[in-house]
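Chemist: Just dropping this structure here.
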Amino acid sequence: MRESSPMNAGDGAYSYTKNSTVQRDAASGVKDAIKEAIMENFDIEKVLGGLTTFTIADLGCSVGPNTVFAMESLLETVEHKCRQQGLEDREFQLLFNDQIGNDFNTLFAALPQPRSYFAAAVPGSFYGRLFPCSSVHIAYSSFAIHWLSKVPDELQRKGSAAWNAGRIHYSDDSSEAVLEAYADQFQRDMEAFFRARAQEIVPGGVMVIVVPAVPDGAITFSGGVAFRFLESILSDMVKEGVIEQDQVDSFNVPNVYPCVKDLRRVVERNGCFEIVKMEFGEVSIGKVEPENSIMIIRAIFEGCMANHFGAMVVNQLFVRAMQNKLQFAEILNSAGIQGTISQIMVVLKRI
Ligand code: SAH
């Protein structure tokens, strides 16, 4: 797999557009804290250094509508701050980044018309350079940096100590080798991410990151019960001869859910950003019906699973998931995670 797959395209029943309320609520739960951090720690006049165009970038924007809510909320804050600093006649440019396979057409068709900003797509991986040197004033990324650039190589080598038999992700009962393979890839990816952003964000500029996460010291992501649920369906499909055991063993979701310590270490190693705020929290996402949860999981993971298993198998997997929705509801309830998601919100300032 060269790049992790984008979310489901379009605006149909299985699309990310129609199935991303968890990510929306998670990001809006920290909206005010982000606003406050920007109002208190950001000097627009200084950051613009005489320029009249203010640039905000969303990294891993997907199709919408969440990116539009988030970008417009940041824009509102910046406009407010501009008025406060007596800066009139500024122009605003919003840059929407995602992987090249992302459905940018649906995103741009949904942008409001008329609007008070210029909009452009920046396709490509955020693990490399995306923007010119010192050209971004605020970079934002929500629910995206937990996507690794690839599945760690060791997990795909049969016979390696990190062969993740029967599993599609990790939890605290995974082998050291599996945990290490994931952690090493995350470390390498984060180094690349921060190296690129340090070049692109102007001194005094801000980077905001929201990422699903675990508390310090923990390994298992609360939402990881969803992977367990999918594993049990895949296991049934192996027993029935629909797929091979090796296909399941060699599939691994390229996600890492970091803790505050992990992120702090990455920022400190990079050395180009000051931490303004870094908070772990359980954010309320309201009660999500099991059916909706399955649709959300499908919108997120169908692409990367279909690359591996083929579209027909993945369709069958999710049909079976729906048939077992009551069992999934029980799993969610007994894990005690109905109604919240654990995440880290980070506000950094480019030194
Ligand atoms: N920010 C949106 C979308 C989150 S879904 C929201 O909060 O709703 C995660 C997105 O990150 C996907 O669209 C995926 O394609 C994108 N993504 C994952 N890895 C990426 C990479 N290396 N470069 C750019 N985008 C990436």
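The values are calculated or read from the model by the stated rules, or taken from the named source; none is laboratory data. Nothing here was measured: the structure is a model prediction, and the numbers come from that model. Positions of Cβ are generated from backbone atoms using ideal geometry, with glycine treated the same way; all protein chains shown enter the neighbour counts. Accessible surface is based on the protein model in full, side chains and every heavy atom, while ligands, DNA and RNA are left aside. Shrake-Rupley method; radii C 1.70, N 1.55, O 1.52, S 1.80 Å.
Chemist: Please go through the stretch 276-295 and give me each residue that is modelled with pLDDT of 95 or more, closer than 21 Å to Val253 by Cβ and touching a helix residue (DSSP H, G or I) at 6+ places or on another chain (Cβ under 8 Å), ordered by number.
Modeler: Matches in the stretch 276-295: Ile294 only.
Chemist: Quick one: how many residues across the stretch 91-135 are β-branched (Val, Ile, Thr) and either more than 15 Å from Thr67 (Cα to Cα) or assigned to a loop (DSSP other than H, G, I, E, B) (or both)?
Modeler: Qualifying residue count for the region: 1.
Chemist: Considering each of Ser135, Ser149 in turn, give the residue that is more than 10 Å from the ligand (Cβ to nearest atom), among the hydroxyl-bearing types (Ser, Thr, Tyr) and open to solvent by 20 Å² or more (accessible area, probe 1.4 Å).
Modeler: Working: Ser149 fails: more than 10 Å from the ligand (Cβ to nearest atom).
Result: Ser135 is the single residue among Ser135, Ser149 that is more than 10 Å from the ligand (Cβ to nearest atom), among the hydroxyl-bearing types (Ser, Thr, Tyr) and open to solvent by 20 Å² or more (accessible area, probe 1.4 Å).
Chemist: Have a look at Pro212, Pro258 and point out the one that is crowded, with 21+ Cβ neighbours inside 10 Å, modelled with pLDDT of 95 or more and more than 20 Å from Glu191 (Cβ to Cβ).
Modeler: Pro212 is the lone residue from the list that is crowded, with 21+ Cβ neighbours inside 10 Å, modelled with pLDDT of 95 or more and more than 20 Å from Glu191 (Cβ to Cβ).
Chemist: Quick check on the stretch 97-112: of everything there that is in contact (Cβ under 8 Å) with a residue 24 or more places away in the chain and open to solvent by 40 Å² or more (accessible area, probe 1.4 Å), which residue is nearest to the ligand (Cβ to nearest atom)?
Modeler: Among them, the one singled out is Gly101.
Chemist: Also, quick follow-up: Hand me the list of helices (runs of 4 or more DSSP H) wholly inside the stretch 8-90 holding 1 or more residues that are open to solvent by less than 20 Å² (accessible area, probe 1.4 Å) and either within 16 Å of the ligand (Cβ to nearest atom) or within 14 Å of Tyr140 (Cα to Cα) (or both).
Modeler: Correct list: 21-28, 31-41, 66-84.
Chemist: Within the stretch 300-323, can one find any residue that is of a type outside the set (S, T, N, Q), touching a Cys at 6+ places or on another chain (Cβ under 9 Å) and within 19 Å of Val211 (Cβ to Cβ)?
Modeler: Within the stretch 300-323, not a single residue is of a type outside the set (S, T, N, Q), touching a Cys at 6+ places or on another chain (Cβ under 9 Å) and within 19 Å of Val211 (Cβ to Cβ).
Chemist: Follow-up question, since we're still on this one. Report yes if some residue within the stretch 220-228 is assigned to a loop (DSSP other than H, G, I, E, B) and open to solvent by 10 Å² or more (accessible area, probe 1.4 Å); otherwise report no.
Modeler: Checking the stretch 220-228: at least one residue is assigned to a loop (DSSP other than H, G, I, E, B) and open to solvent by 10 Å² or more (accessible area, probe 1.4 Å).
Chemist: From the residues in the stretch 113-129 that are more than 8 Å from the ligand (Cβ to nearest atom), within 23 Å of Ala192 (Cα to Cα) and hydrophobic (A, V, I, L, M, F, W, C), which one is most open to solvent (accessible area, probe 1.4 Å)?
Modeler: The selected residue is Ala121.
Chemist: Right, another one. For a quick check of your reading of the model, give me the residue pairs whose first member lies in the stretch 323-351 and is at positive phi, whose second is of a type in the set (Ser, Thr, Tyr) and surrounded by fewer than 20 Cβ atoms within 10 Å (Cβ to Cβ), with beta-carbon atoms closer than 9 Å and at least 6 apart or on different chains.
Modeler: From residues that are at positive phi, the pairs are Gly339/Ser284.
Chemist: How do the pairs read when you match residues in the stretch 167-187 that are touching a residue at least 12 places away in the same chain (Cβ under 8 Å) and closer than 24 Å to Gln247 by Cβ with residues anywhere that are outside any helix (DSSP H, G or I) and among the hydroxyl-bearing types (Ser, Thr, Tyr), using Cβ under 6 Å and keeping only pairs 6 or more apart or on different chains?
Modeler: Ser171/Thr220; Val178/Tyr170; Leu179/Tyr170; Tyr182/Tyr170
Chemist: Please go through the stretch 127-184 and give me each residue that is out of contact with any helix residue (DSSP H, G or I) (no Cβ under 7 Å at 6 or more places or on another chain) and of a type in the set (Phe, Trp, Tyr), ordered by number.
Modeler: Trp147, Tyr182
Chemist: Under 14 Å from Gly10 (Cα atoms) and under 21 Å from the mean Cα position of the chain (by Cα): is that true of Leu107 in this structure?
Modeler: yes
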